[in-house]
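*Asks:* One structure, as structure tokens, below. Some questions next.
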Amino acid sequence: MREKIVVMSEDLSNRIAAGEVIERPASIVKELVENALDAGATDILVQLEGGGKHSVKVVDNGRGIERDDVPLVFERHATSKIYTFEDIYEIDSFGFRGEAVASIASISVIEILTRREGSLSGTRAVVRGGRIEEIADAGCPVGTSIAISDIFYSTPARMKFMKGDSTEQAHCMDAIMRLALSNPEVKIRVVSKGRTILAVPKAVSMSERIALVFGEDFGSHMLAVEGQKGDAKLRGFVSMPDRTRANTKGQFYFVNNRFIRDRLLNHSVITAYRRLIEPRRFPSVVLFIDIPAPDVDINVHPAKMEVRFKNAGEVYGLVTETLIKTLAGESVPAADSSGLSFGAPADSYKGGVQNTLKRYTVLSGPEKRIFGMNVSERGAGRMPDSSGGNKYEKKPPDFFSERDVPQETMNFSSLEYLGQIAGTYLAFSSAEAFILMDQHAAHERVLFERLKASSKESPPVQGLLLPEVVNLQPGRFDLLMHYTEMLREIGIGMEQYGENTILIKQIPAFLAGCNLETLISDILEEIRDTGKADNVDEIKDKILTIMACKGAVKANHTLTDPEVAALCKDLDSIPFAATCPHGRPLYTVFGIRDLEKIFKRR
Ligand code: ADP
Ligand code: MG
């Protein structure tokens with residue numbers, strides 16, 4: 001550290017500000033499209049090269065920029081959206097901080113072409129590292145075109161954090177989809193490598209835009225919600241409880257039309273679904289909350305992704321109460337403005353949960369194959385890989401007493417099966433111990449080991465008589481196609497069927513009956529998060545974990561004695577079986593000493 005304090009140069013402070021605002025190409029896309037929307041555009045074109053890493057171009061038909069104002073666009077704290085501090089409490093534009101374009105300019109090369117309505121000529125300017133290199137009159141249509149290239153050239157360290165093209169492109173598409181969701185009246189087209197990957201016409205209703213994200217048939221698995229509490233209003237759609245995801249990425253929250261993230265809103269939603277869905281599964285929701293502008297502070301976060309509510313309790317209460325009512329079948333609007341009808345939630349999701357459980361088909365008789373895989377060869381599996389860095393990092397359960405029952409010698413088949421508790425846990429005894437097992441975790445571990453062991457050759461597969469059509473969100477399609485070969489190796493055979501649609505023709509046999517759309521969406525989210533193409537093995541392992549979880553018998557499912565026997569035999573055939581692939585314990589052992597302690601005999 002140096003002793004002397006100096007005021008940062010403008011270039012340095014801009015680059016530092018860019019670090020906050022511009023995390024990745026998707027942030028640039030978000031800022032530019034928001035500016036186009038703020039300029040009143042009704043038609044927006046986004047062009048991406050290299051997933052947005054090489055260049056991002058946004059062309060709009062908005063009101064354009066006056067020649068004299070063009071240099072100001074690139075200056076920090078220059079905005080046309082607020083003039084006094086109080087204005088931010090009545091703001092109806094996305095931007096107001098006046099720093100997005102200046103931040104982008106400090107780390108890239110920008111070419112802008114813009115014309116105001118009524119102006120005879122437009123303006124063209126080239127800006128490098130925040131400095132205007134060229135500016136001159138130029139002919140162009142009314143509106144603005146901003147092309148960004150050489151992204152992060154002045155902050156090469158940031159460039160190293162970028163993932164593969166398809167992952168970055170998927171992030172860009174996420175940003176665009178969020179804006180498309182909240183601005184249905186705007187036409188949006190996205191072109192990547194010369195190919196149109198998204199073309200959304202001006203929509204006549206919210207439903208049309210929601211179908212973009214959740215598929216044309218979203219009305220069959222989502223419910224419309226509507227509610228009001230005090231000055232706060234809520235509307236949107238939420239998934240029926242049998243359509244859940246492994247994470248919260250199917251959740252979209254908008255406050256006064258601005259996409260935000262808010263942990264407490266996630267929590268309010270989960271509260272409404274409590275007891276309707278399994279733990280660690282999440283519903284999909286698109287919720288629009290409208291509150292008077294003075295009741296919400298949007299100036300909390302540089303990318304404006306967080307807000308602070310004046311009456312937080314009222315907002316969270318509104319969400320939970322409205323969702324609880326909707327899920328209970330009350331006040332479900334029968335149709336929205338587009339005439340799409342939404343059946344009452346009925347019993348369909350309760351039946352759905354039961355159905356997924358039914359696919360645990362075990363043939364009776366000890367010699368039969370179970371779980372669609374051969375269980376005979378002991379030790380075929382490899383050691384489980386617990387290095388995945390998951391948050392349940394394994395630790396022997398507290399009651400586990402190695403002196404009494406060393407885990408290496410645990411022979412599940414030799415235990416006496418006592419019975420099932422709550423349809424979820426299996427109780428066993430041996431001469432010297434009492435053992436409790438989590439049936440889902442145990443089966444998951446077995447499937448995972450089998451899959452891993454067989455991932456050199458394909459697992460037993462099953463062709464689908466009726467191949468399943470799965471619609472993907474634009475942007476997700478390219479990402480999935482990138483991994484076609486790897487998915488085929490692990491038993492999922494698919495091909496392109498149409499724009500953003502795939503046909504699944506073959507799946508691993510043990511996944512028969514599983515909801516393939518959910519499977520593919522969980523896999524995609526995993527791929528997107530893990531990212532880079534050079535992480536193929538890591539991605540593959542994660543996909544195997546997802547598949548094992550989907551294929552494994554769930555909690556709340558009665559197992560027959562032969563099924564329990566088969567599960568034990570399988571556990572004996574894998575070398576180490578103390579945790580599930582997510583790292584949760586499979587079983588816990590109460591040794592004699594533990595029992596003595598419980599009954600205070602020592
Ligand atoms: P902010 O959006 O917070 O005002 P920006 O740095 O994003 O700050 O943009 C600075 C200013 O440049 C805006 O206030 C607006 O006047 C002008 N501007 C940027 N993009 C466009 C566009 N596509 N059309 C018209 N004006 C634009
Ligand atoms: Mg802006």
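*Asks:* Based on this model, can you work out whether S149 counts as away from ligand 1 (no atom under 16 Å from the Cβ) and of a type outside the set (F, W, Y)?
*Replies:* Yes.
*Asks:* Moving on. Do the conditions hold for S106, that is, is it among the small types (G, A, S), under 21 Å from T155 (Cα atoms), open to solvent by 10 Å² or more (accessible area, probe 1.4 Å) and away from ligand 2 (no atom under 12 Å from the Cβ)?
*Replies:* no
*Asks:* Output the residue which, of all residues in segment 13-33 that are more than 22 Å from the chain's Cα centre (by Cα) and within 13 Å of ligand 1 (Cβ to nearest atom), is nearest to E75 (Cα to Cα).
*Replies:* Residue satisfying both the conditions and the ranking: N14.
*Asks:* Would you mention how many residues in segment 39-52 are touching a Cys at 6+ places or on another chain (Cβ under 8 Å) and more than 16 Å from ligand 2 (Cβ to nearest atom)? Steps first, please.
*Replies:* If we filter segment 39-52 for residues that are touching a Cys at 6+ places or on another chain (Cβ under 8 Å), which is where we start, we get 46, 48, 51-52.
Restricting the remaining residues to those that are more than 16 Å from ligand 2 (Cβ to nearest atom) gives 48, 51-52.
Count: 3.
*Asks:* Tell me, yes or no, whether segment 527-543 has at least one residue that is modelled with pLDDT of 85 or more, crowded, with 21+ Cβ neighbours inside 10 Å and within 30 Å of M437 (Cβ to Cβ). Even if it seems obvious, please write down each step before you answer.
*Replies:* In the first step, residues of segment 527-543 are kept if they are modelled with pLDDT of 85 or more; the result is none.
Looking through segment 527-543, none of the residues is modelled with pLDDT of 85 or more, crowded, with 21+ Cβ neighbours inside 10 Å and within 30 Å of M437 (Cβ to Cβ).
*Asks:* Mind listing just one residue for me: the one in segment 39-95 that is crowded, with 19+ Cβ neighbours inside 10 Å and hydroxyl-bearing (S, T, Y) and, of those, nearest to V142 (Cα to Cα)?
*Replies:* T79
*Asks:* Of the residues in segment 230-251, how many are buried (at least 18 other Cβ atoms within 10 Å of the Cβ) and farther than 8 Å from S284 by Cα?
*Replies:* 9
*Asks:* Within segment 278-294, can you find the residues that are touching a residue at least 24 places away in the same chain (Cβ under 8 Å) and surrounded by fewer than 19 Cβ atoms within 10 Å (Cβ to Cβ)?
*Replies:* Residues satisfying the conditions are E278, R280, R281, D290, P292, A293, P294.
*Asks:* Can you pull out every residue in segment 137-156 that is hydrophobic (A, V, I, L, M, F, W, C) and either in contact with a Leu (Cβ under 7 Å, 6 or more places away or on another chain) or part of a loop (DSSP other than H, G, I, E, B) (or both)?
*Replies:* Within segment 137-156, A138, C140, V142, I146, I151, F152 meet the criteria.
*Asks:* Oh, and also: Those residues that are within 12 Å of ligand 2 (Cβ to nearest atom) and among the β-branched types (V, I, T), I need them from segment 78-101; list them, please.
*Replies:* T79, I82, I91, V101
*Asks:* If we scan segment 570-592, do we find a residue that is surrounded by fewer than 19 Cβ atoms within 10 Å (Cβ to Cβ), modelled with pLDDT of 80 or more and under 30 Å from L487 (Cα atoms)?
*Replies:* Looking through segment 570-592, at least one residue is surrounded by fewer than 19 Cβ atoms within 10 Å (Cβ to Cβ), modelled with pLDDT of 80 or more and under 30 Å from L487 (Cα atoms).
*Asks:* So how many residues does segment 469-487 have that are charged (D, E, K, R) and either surrounded by 16 or more Cβ atoms within 10 Å (Cβ to Cβ) or modelled with pLDDT under 85 (or both)?
*Replies:* Number satisfying all stated conditions: 2.
*Asks:* Right, here's the next one. With respect to A100, is the statement that it is touching a Gly at 6+ places or on another chain (Cβ under 8 Å) and not charged (D, E, K, R) true?
*Replies:* no
*Asks:* Still on this structure, please answer the following. Which one is nearest to ligand 2 (Cβ to nearest atom), of the residues in segment 22-38 that are within 15 Å of D92 (Cβ to Cβ) and open to solvent by 20 Å² or more (accessible area, probe 1.4 Å)?
*Replies:* So, considering only residues that are within 15 Å of D92 (Cβ to Cβ) and open to solvent by 20 Å² or more (accessible area, probe 1.4 Å), the one nearest to ligand 2 (Cβ to nearest atom) is N35.
*Asks:* Okay, moving on. Given the condition in contact (Cβ under 8 Å) with a residue 60 or more places away in the chain and in a loop (DSSP other than H, G, I, E, B), answer yes or no: does some residue in segment 519-527 qualify?
*Replies:* Among the residues of segment 519-527, not one is in contact (Cβ under 8 Å) with a residue 60 or more places away in the chain and in a loop (DSSP other than H, G, I, E, B), which makes the answer no.
*Asks:* Within segment 545-567, is there a residue that is at pLDDT below 80, surrounded by fewer than 18 Cβ atoms within 10 Å (Cβ to Cβ) and of a type in the set (D, E)?
*Replies:* no
*Asks:* Return yes or no: is P141 at pLDDT 90 or above and within 11 Å of ligand 1 (Cβ to nearest atom)? Can you show your working first?
*Replies:* Values: at pLDDT 90 or above: yes; within 11 Å of ligand 1 (Cβ to nearest atom): no.
Taking the combined requirement at face value, the residue does not satisfy it.
*Asks:* Give me the residue from segment 176-191 that is within 24 Å of G50 (Cβ to Cβ) and open to solvent by 10 Å² or more (accessible area, probe 1.4 Å) and, out of that set, nearest to the chain's Cα centre (by Cα).
*Replies:* R178
*Asks:* Would you confirm whether any residue within segment 38-51 is out of contact with any strand residue (DSSP E or B) (no Cβ under 7 Å at 6 or more places or on another chain), more than 20 Å from S80 (Cβ to Cβ), more than 12 Å from ligand 1 (Cβ to nearest atom) and not β-branched (V, I, T)?
*Replies:* First pass over segment 38-51, keeping only residues out of contact with any strand residue (DSSP E or B) (no Cβ under 7 Å at 6 or more places or on another chain): 38, 40, 50-51.
Still in the list and also more than 20 Å from S80 (Cβ to Cβ): 50-51.
Adding the requirement that they be more than 12 Å from ligand 1 (Cβ to nearest atom) leaves 50-51.
Next, only the ones that are not β-branched (V, I, T) stay: 50-51.
Within segment 38-51 (the criterion being out of contact with any strand residue (DSSP E or B) (no Cβ under 7 Å at 6 or more places or on another chain), more than 20 Å from S80 (Cβ to Cβ), more than 12 Å from ligand 1 (Cβ to nearest atom) and not β-branched (V, I, T)), the answer is yes, since at least one residue qualifies.
*Asks:* Where the second residue is in a strand (DSSP E or B) and open to solvent by 20 Å² or more (accessible area, probe 1.4 Å) and the first is farther than 19 Å from A552 by Cα and lies in segment 583-598, which pairs have Cβ atoms under 7 Å and are six or more apart or on separate chains?
*Replies:* That search, which allows pairs on different chains as well, returns T588/L436; F590/F434; L595/F434.
*Asks:* Moving on to the next point. With the checklist (1) touching a Cys at 6+ places or on another chain (Cβ under 8 Å); (2) away from ligand 1 (no atom under 13 Å from the Cβ) in hand, flag the one item E10 doesn't pass.
*Replies:* (1)
*Asks:* Another question, if that's okay. Please tell me if Y153 is within 30 Å of R308 (Cα to Cα), more than 16 Å from ligand 2 (Cβ to nearest atom), open to solvent by 10 Å² or more (accessible area, probe 1.4 Å) and touching a helix residue (DSSP H, G or I) at 6+ places or on another chain (Cβ under 9 Å).
*Replies:* So Y153 does not fit the description; no.
*Asks:* Within the set of pairs 6 or more residues apart or between chains, which connect a residue that is farther than 12 Å from V127 by Cα inside segment 91-110 to a residue that is within 6 Å of ligand 1 (Cβ to nearest atom) and open to solvent by less than 20 Å² (accessible area, probe 1.4 Å) with Cβ atoms less than 6 Å apart?
*Replies:* A100/E31
The values are calculated or read from the model by the stated rules, or taken from the named source; none is laboratory data. This one's a predicted model, so the numbers in the text were calculated from it and none came from an experiment. Don't worry about glycine lacking a Cβ; one is built from the backbone with ideal geometry, like all the others, and counts go over all protein chains shown. In case anyone asks, the SASA skips ligands and DNA or RNA and just uses the protein heavy atoms, side chains included. Shrake-Rupley method; radii C 1.70, N 1.55, O 1.52, S 1.80 Å.
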